[in-house]
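Report on one structure; see the data block that follows.
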Amino acid sequence: MPRPFTPKVVTANALLEGDVVYLTEDNRWSRRLGEAELLEDEAHADLRLIEASRLQGKIVGAYLADARRGPDGPEPVHFRETFRSRGPSNYPHGKQVDLPHR
Amino acid sequence: MYRYDDFDSAFLAARNAQFRAQVTRRIDGSLTEDEFKPLRLMNGLYLQLHAYMLRVAIPYGSIDGVKMRKLAEIAERWDKGYGHFTTRQNIQFNWPKLQDVPDILDALAEVGMHAIQTSGNTIRNVTSDHFAGAAADEIADPRPYAELIRQWSTDHPEFQFLPRKFKVAVTGSPNDRAVTRAHDIGLRMIERDGQPGFEVIVGGGLGRTPLIGKVIRDFLPEAELLPYLEAVLHVYNRWGRRDNKYKARIKVTVHEAGLDTIRAEVEETFRRTRIEWPNGHAAALEQIRERFRTPDFVAGGAEAFEVAKADPVFRAWADTNLAEHRHPDYAIVTVSLKAHGATPGDATADQMRVLADLAERYGHDELRISHQQNVILPHVRKADLAIVHAMLLKAGLGTANVGLASDIIACPGMDYCALATARSIPVATELAKRIDALRIEHEVGPVQIKISGCINACGHHHVGHIGILGLDRAGVENYQITLGGDATETAAIGERAGPGFAYDEIVPAIERLLLAYLEEREGPTETFLQTYARVGLAPFKAALYGPEKQRDAA
């Protein structure tokens, strides 16, 4: 039996700033994971990644990252994605500046 | 200090103009990322976890006040007010924006700095002894040789697409402070019949396949340095495995083919390269040497140092942070970038300016970056040590811990690096804070703790007396401990202590190790490494995992 599909989000880095960004349902690149489109179907996820990869003018290195549904939108599954969604832990230089509640 | 001539400056200006045009074409969409990536990497620009990262070369770790001040300006103007000094004696800026990078490179060029060959499968920044030109135990200043290698290897058309990156380290002292045995080529200066030359070590390296370098030539006369290096690179370029990235370093080539085979190939090739350099490089080396003049040392004043030692804070700092200078009235000052709880290797723009001021006023305008991620003032008069210390203290740079347990090497780890599998910085900062709270580090004495956040081993964990390697074990950070590594002329790869520890268990585990050492040692003069060599792994294993019986039952 095929393994159940772990939901995904499309994520990348912004071309100019390098910021971690997420693809939203309405084709924007958001800085917030919570605003990302949660992709629960594998074929749809693959399609969205191809569409994202066409947006080369704005982003770099799009890929599918595991995510799960949370009360405020998608949440990271792996700790690497947790760090990407927040910023470094030694200085308040990343997104944690905008996310004081986390 | 080497100063760029017109050729260097024109070359750099042309390269920067090229890159500016490439960045413009990437932003306007004429270049894809696949096309642009190798171009940006050739100029030291990586894309990391949260942002771009610009790695700027500090050749053989040598820098002066003007250059340090320029780094401060860049940190302030285009970054977030700080820079990160690395185990490769370079500096990394963690937050540049793509469109600003051409301006940053132009700013660097104003002071003869660049980011060329800080990435890619090329000959990387040549590293050296951070006490070069100042150490009491030195045969000759290794920096002219390092500069000669830099000039030869920069933009060398044959070596732009090697099988993999290639790192050369040079030391002028028998006491190896440049980790030459963990480099693709290590050059250790020696004398034979009164003639200067090198012991040539090849095939060392850390990473996923840690290997201690082997001596391929026990004595290479100084005059034959470049023809011989070129021969090694020719052989590597032909033999190195391009089929497998993880087997592409020269250490694997030497390991698989055998040292004798590679040596024979190199000697054969060397017969040709020697002919291609009919006049050698004596003239070039002479010109370079003129730019590395020994400062005019001022004699006297050492009594003031003895007087200043009455202050216990100064004395503690002097005990750990000073090293013997070749001139009796001078000392080598190591400025710790390891304040307890601070990120190892980071300096703020203000701190960089203080270091520049101190170098210019009290240090013959010389600074060094060490692979241990500290900054060195190599030539300070003993008469000036008290004032230098006072100014360092004021700038938050007066930590007296060089060579001690909290003087930790740590790679950026998963807080910044896209390759990392676990965090290193918070492990280092929490560990340093714990060591400080326990007030044991002066009692523990010399011990080197080195942390890497992945198997690529930028944090040199294999050669740490205590090495920590952060891994991803089924989606959880896990830290492996190795013991007994050695980064000096008696280089050794550490031995794995046993199963890894979770993130919140690693600091207490290291604490148990240090306390076990204090129990086991024969006296305060027996160092951690000596105790480990005498008693072996068993007592440390017991400290980490509990008594053996209990382990079996568990």
### Message
Taking loop as defined by DSSP and a crowding limit of 13 other beta carbons within 10 Å, which GluC sites (Glu not before Pro) in the stretch B:429-535 fit?
### Response
B:Glu522
## Note on the structure
Scanning chain B, every Cys lacking a C-beta partner under 4.7 angstrom -> B:Cys417, B:Cys454
### Message
For the pair B:Asn175/A:Phe5, report the inter-label distance in nm, with labels modelled 7 Å from Cα in the Cβ direction.
### Response
6.4
### Task
State, as an integer percentage, the relative contact order of the stretch B:303-394 based on alpha-carbon contacts under 8 Å between residues 6 or more apart.
33
## Note on the structure
Exposure-ranked with fewest Cβ neighbours within 10 Å first, B:Val444, B:Val298 stand as B:Val298, B:Val444
### Message
Suppose a student asked you for the relative contact order of the stretch B:1-118, using Cα pairs under 8 Å spaced at least 6 residues apart; what percent would you report?
### Response
34
### Query
Summing -39500 (n - 2.57) over the DSSP H runs of n ≥ 4 in chain B and dividing by its residue number, what mean residue ellipticity at 222 nm do you reach, to the nearest 500 deg cm²/dmol?
-12000 deg cm²/dmol
### Summary
Amide H contacts under 5 Å for B:Glu495, restricted to residues at least 5 apart in sequence or on another chain and with H modeled in the peptide plane, are B:Leu483, B:Gly484, B:Gly485
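Which of B:His371, B:His281, B:His156 has the fewest other C-beta atoms within 10 Å, and how do the rest follow up to the most?
So the residues, fewest neighbours to most, are B:His156, B:His281, B:His371.
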### Message
Let me make sure I get this right: for the protein assembly as shown, a, b and c are the square roots of the gyration tensor eigenvalues over alpha carbons, sorted descending. Under 1.5 in a/c it's rounded, otherwise prolate if a/b > b/c, else oblate. Which is it?
### Response
rounded
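Rg over Rh of the stretch B:142-290, using C-alpha atoms and the Kirkwood radius, what does it come to?
0.94
Is the stretch B:303-394 best put as rounded, prolate or oblate by its Cα gyration tensor, with a ≥ b ≥ c the root eigenvalues, rounded for a/c under 1.5, and otherwise prolate when a/b is larger than b/c, oblate when not?
Cα axes put the stretch B:303-394 in the prolate bin.
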### Query
How long, wide and thick is the stretch B:354-483, going by the Cα atoms along their three principal axes, in whole angstroms, largest first?
56, 33, 24
### Query
For B:Arg361 and B:Glu191, what does the FRET efficiency come to when R0 = 35 Å and r is the distance between their Cβ atoms, rounded to the nearest 0.05?
0.45
### Task
Please list, in chain and number order, the residues 5+ apart from B:Val335 or on another chain whose amide H is under 5 Å from its amide H, with Hs placed from the backbone.
B:Val375, B:Ile376, B:Leu377
### Task
Calculate one ³J(HN,Hα) per residue across the stretch B:101-118 by plugging θ = phi - 60° into the Karplus curve 6.51 cos²θ - 1.76 cosθ + 1.60, and present them in order as whole Hz with x for glycine and proline.
4, x, 5, 4, 5, 5, 4, 5, 4, 4, 10, x, 10, 6, 10, 6, 6, 8
#### Entry: For the stretch A:1-48, fraction of C-alpha pairs farther apart than 15 Å, in %
46
### Task
Report, please, the projected area of the stretch A:8-97 averaged over directions, based on the convex hull of its C-alpha atoms, in nm².
5.7
### Query
So how long is each side of the stretch B:1-148 along the principal axes, counting just the alpha-carbon atoms, biggest first, in Å?
56, 32, 26
### Message
Taking the beta-carbon count within 10 Å as an exposure proxy, list B:Asp8, B:Asp193 from fewest neighbours to most.
### Response
B:Asp193, B:Asp8
### Task
Using every pair of alpha-carbon atoms in chain B, split the distances into 20 Å bins beginning at 0 and state the percent of pairs per bin, rounded to integers.
21, 57, 22, 1
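Please find the FRET efficiency linking A:Asn27 to B:Asp243, where r is the Cβ-Cβ separation and R0 is fixed at 30 Å, and quote it to the nearest 0.05.
Details: r = 41 Å, r/R0 = 1.35.
Once the sixth-power term is evaluated, E becomes 0.15.
Taken together, the values in this text are just the output of simple stated rules run on the coordinates, not laboratory data. All figures in this text were calculated on a predicted structure; none of them were measured in a lab. Ideal geometry is used to build each Cβ from the backbone, glycine not excepted, and the neighbour counts take in all protein chains shown.
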